[in-house]
Amino acid sequence: MQQLLTGFVTAMDPINLLMAFLGTGIGIFFGALPGLTSTMAVGLLIPVTFGFQPATGLIFLAGAYCGSMYGGSISAILLNTPGTPASAATSYDGFPMTNRGEGGTALAVATVASFIGGILSALCLILIAPPLARLALLFGPGEYFAVAIFGLTIISAFSAKNMVKGIMAGLIGLLVGTIGMDPINGYARFTFGQLELFEGISIIPALIGLFSASQVLMMLDSYNSADDEADGSRVTTGKVRVPFRELMEMKMTLLRSSVIGTIIGIIPAAGGDIASFIGYNEAVRFSKDKESFGTGNPEGVAASEAANNGVTGGSLIPLLTLGIPGNSVTAIFLGGLMIQGLRPGPSLFTDQAPTTYAFFAGLIIANIAMLILGLIGASLFVRVLGVPGALMIPLIFSLCVIGSYSIRNSLFDVAVMMAFGGFGFFLRKLGFSSAPVVLGIILGPMAESNFRRVLQVNQGSILPIFSSPIVLVLTAISLISVASPVIMKWYEKRRAFRESQRRTP
Amino acid sequence: MSKLSAIRFAAAAVIAVSLYAFWLTLGYPRGAAMLPRALLVLLTACAASLLVRGPGPDGVGQTLGIQNRGRVLMGAAMCLGYVAAIYAAGYYAASALFVAALALVLRYRKRHFIAAAALGYPLAIYIVFEYLLKIPMPLPMWY
């Protein structure tokens, strides 16, 4: 508690407050623009944090994460085009409200719901992460190997549509992770004599390439100059009014969706999009007025938005405690931590506790900033929708160049970013997901180094690690993780069936 | 061409690269080669499975699905040219040129917006990165 209070004192420093608001504002900007995601927002802002104190940088990134999650709702509500996949369910009721002239009210509901979801999940992070990190103190190479394997089994969740493609993407990521000196003997692998490759592929340029530069190529492919000629800035919100009475009536929905979002966030691979659909579905299930959903019921907007912002705090729990990035945003966030010299695990809550607790406090402040900016600046953020794609495309690519260059002031990293951008573009066009590649790159070295340490300690045998209860539990969770796509498929089928029944008059 | 779908072509390319990478690992010590070799064998097996099965029932992978190949190639070439221009002319000049050129290539007509973005963006980057954060941007090679 003392550490948290100290964290709040640090986070309330004027520069940190300013960065929380600035990060949140930029995040909302990114989230509101269809095609730009939370991953891109956090990834492209990492270089800005180089010159910051660690706490300031992390608070800035926390603002960007929360803001971009919420920002997607603006275009979902006003244009029926979700700014991020996590806001798809918001458009079901948000857009009909806009058509009725209640766009401002829908935005206010989305803002308040996002705030509640974000705050509750941040509180869960504060409560759950420290004890879980203390448990990680008991970990040796065997346990860390099991953690890495658990992280890698998440690949199966990304591969529900095509298991072979998912596994292939994961294997490619693992192979990329082997580039550089081998972790035990220091033998150079796949370096082709390039000194820059001896330390391995730099993670941030690779991630910026996979997620942002590839998106530039996708935008070039789908660009339509007629869209730029149509003036998007003419979209208006109407009066932004917070319907306090209606919000009070839907308090159980807000609470339920926030909890759903937080739990989904903790589960690796299940991100904001799944959380918002489940939150929305549960709101429909519990509602006495099921028929009103899909026709402009503010409760639908609240359910979806509380759930997708609930993911923010939850998804940081496995990242900060065990070093497992559960989704692409937290994978990028891991890069942000490492750049500030922070390593996920118990040390974050001991040696680095002041920074970590300032970050936790910053997450709460970022949610408050989101509430203020969302309510006051909604009409301003709407103008973002008028930014022409012909200008956004070169600007985003230029930011990709800065993002990859400024890590080591190296044009080699820019080349890495571009190579991964092209690779990511073809992956997406061929129906592969980029997320398993990222998991492979991050978790591969962790799995390999710990596996080989286990073999060294146990004279070439892996079996002794199964005497550890932690390894047994992690192995069981890994098996569940492999089975989860089947369970999710079953849930999706059930949801689609119910949806079709609900929409049939 | 219809039989050689994009996904089959990609699978064949993966197999070729995997075999080359496996050949490279033959010169590595046993410990260092263990993981890469295992991964390459698995990757080759997965790629072979894709090669045999071809595109899925949803048709994804039949073609690359690029709607406007010319624009993507032109854009990619301009991105490459931009990085080369950074090396030659420095970040700021290259960025102003790149923003204006790509917007014009995409046939955006509002010239005053293009001019504002081309001049305003490098200025904003200078203020944020060089002035406030003290992070230097690439300078021209002749500087």
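Values quoted throughout were computed directly from the atomic coordinates according to the rules given, and no laboratory measurement underlies them. Since we're looking at a predicted model, the values are computed, not measured. Because the Cβ atoms are built from the backbone with ideal geometry, glycine has one as well, and the counts that use them run over all protein chains shown.
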| message | What whole-number distance in Å separates the alpha-carbon centres of segment A:442-475 and segment A:348-414? | response | 37
| query | Hey, if you put +1 on the Cβ of every Lys and Arg and -1 on every Asp and Glu Cβ in chain A, which of A:L58, A:F420, A:V457 ends up farthest toward the positive end of that dipole? | reply | A:V457
| query | What FRET efficiency do you get for A:V164 and A:R245 if R0 is 51 Å and r is their Cβ-Cβ distance, rounded to the nearest 0.05? | reply | 0.45
| task | Using +1 at the Cβ of each Lys and Arg and -1 at the Cβ of each Asp and Glu in the protein assembly as shown, identify which of A:Y70, B:A12, B:P136 lies farthest towards the dipole's positive end. | result | B:A12
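Which entries in A:K429/B:K110; A:K251/A:K290; A:K429/A:K493; A:K165/A:K429; A:K288/A:K489; A:K290/A:K493 show an alpha-carbon gap greater than 24 Å? Write out the running numbers ahead of the final one.
Details: A:K429/B:K110 31 Å; A:K251/A:K290 17 Å; A:K429/A:K493 26 Å; A:K165/A:K429 12 Å; A:K288/A:K489 27 Å; A:K290/A:K493 19 Å.
Pairs exceeding 24 Å: A:K429/B:K110; A:K429/A:K493; A:K288/A:K489.
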| Tilt relative to chain B, helix B:111-125 - C-alpha long axis, 0 to 90 degrees, to 10 | 80
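Average the reciprocal distances over every distinct pair of alpha-carbons in segment A:346-466, invert the result, and give the Kirkwood radius in Å. Present the calculation step by step, with values, prior to reporting the outcome.
Values: mean 1/r = 0.0505 Å⁻¹.
It is 19.8 Å.
Mind running the shape call on segment B:55-112? Use the C-alpha gyration tensor, a ≥ b ≥ c as the square roots of the eigenvalues: rounded below 1.5 for a/c, prolate if a/b tops b/c, oblate otherwise.
On the way: a/c = 4.48, a/b = 2.01, b/c = 2.23.
Oblate, because a/c is 1.5 or more while a/b does not exceed b/c.
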| query | Can you give the convex hull volume per residue for the Cα atoms of segment A:9-131, as a whole number of Å³? | reply | 109
| note | segment A:283-331 and segment A:1-27 have their Cα centres apart by a whole-number Å value of 24
| Likely footprinting exposure, A:D289, A:D182, A:D221, fewest C-beta neighbours within 10 Å first | A:D289, A:D221, A:D182
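Given charges of +1 on the Cβ of Lys and Arg and -1 on the Cβ of Asp and Glu, with all other atoms neutral, how large is the dipole of chain A about its Cα centre, in debye to the nearest 20? Can you show the working numbers first?
Details: 28 positive and 25 negative charges, 199 e Å.
About 960 debye.
Determine the relative contact order of chain A: mean sequence separation of Cα pairs under 8 Å and six or more apart, normalised by residue count, in whole percent.
On the way: 1019 pairs, mean separation 148.3, N = 505.
With pairs under 8 Å counted, the relative contact order is 29 percent.
With only alpha-carbon pairs counted, each pair once and no self-pairs, how large is the Kirkwood hydrodynamic radius of chain B in angstroms?
Computed over Cα pairs of chain B, the Kirkwood hydrodynamic radius comes out at 19.6 Å.
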| field | Nearest-ten-degree value, helix B:6-25 long axis tilted from longest Cα axis of chain B | value | 80
| For segment A:240-359, what size does the Cα cloud have along each of its three principal axes, sorted from largest down, in whole Å? | 52, 27, 22
| remark: When A:S292, A:S75 are ranked with the fewest other C-beta atoms within 10 Å first, the list becomes A:S292, A:S75
| What is the spread of the Cα atoms of segment B:28-83 along each of their three principal axes, largest first, in whole Å? | 47, 39, 11
| said: Inside 10 Å of the C-beta atoms of A:384-397, what's the mean count of C-beta atoms belonging to other chains? | reply: 6
| note | Residues meeting the amide H criterion for A:A188 (H placed from the backbone, H to H distance under 5 Å, 5 or more places apart or on another chain) are A:D182
| task | Towards the positive end of the charge dipole of segment A:395-505, with charges on Cβ (+1 Lys, Arg; -1 Asp, Glu), say which of A:G444, A:I480, A:G403 has the farthest Cα. | result | A:I480
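For A:V109, what charge total do you get from the other residues with a beta carbon under 13 Å from its beta carbon, if Lys and Arg give +1 and Asp and Glu give -1?
Numbers: positive: A:R241, A:R245, A:K251; negative: A:D93, A:E102, A:E246, A:E249, A:E299, A:E305.
So the surrounding residues net to -3.
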| Taking the Cα atoms of segment A:118-194 alone, what are Rg (to one decimal) and Dmax (as a whole number) in Å? | 17.6, 50
| task | May I ask you to derive the FRET efficiency for B:A115 and A:I372 from their Cβ-Cβ distance with R0 = 25 Å, giving the value to the nearest 0.05? | result | 0.15
| remark: At q = 0.13 1/Å the base-10 log of I(q)/I(0) from the Debye formula over the alpha-carbon atoms of chain A is -1.29
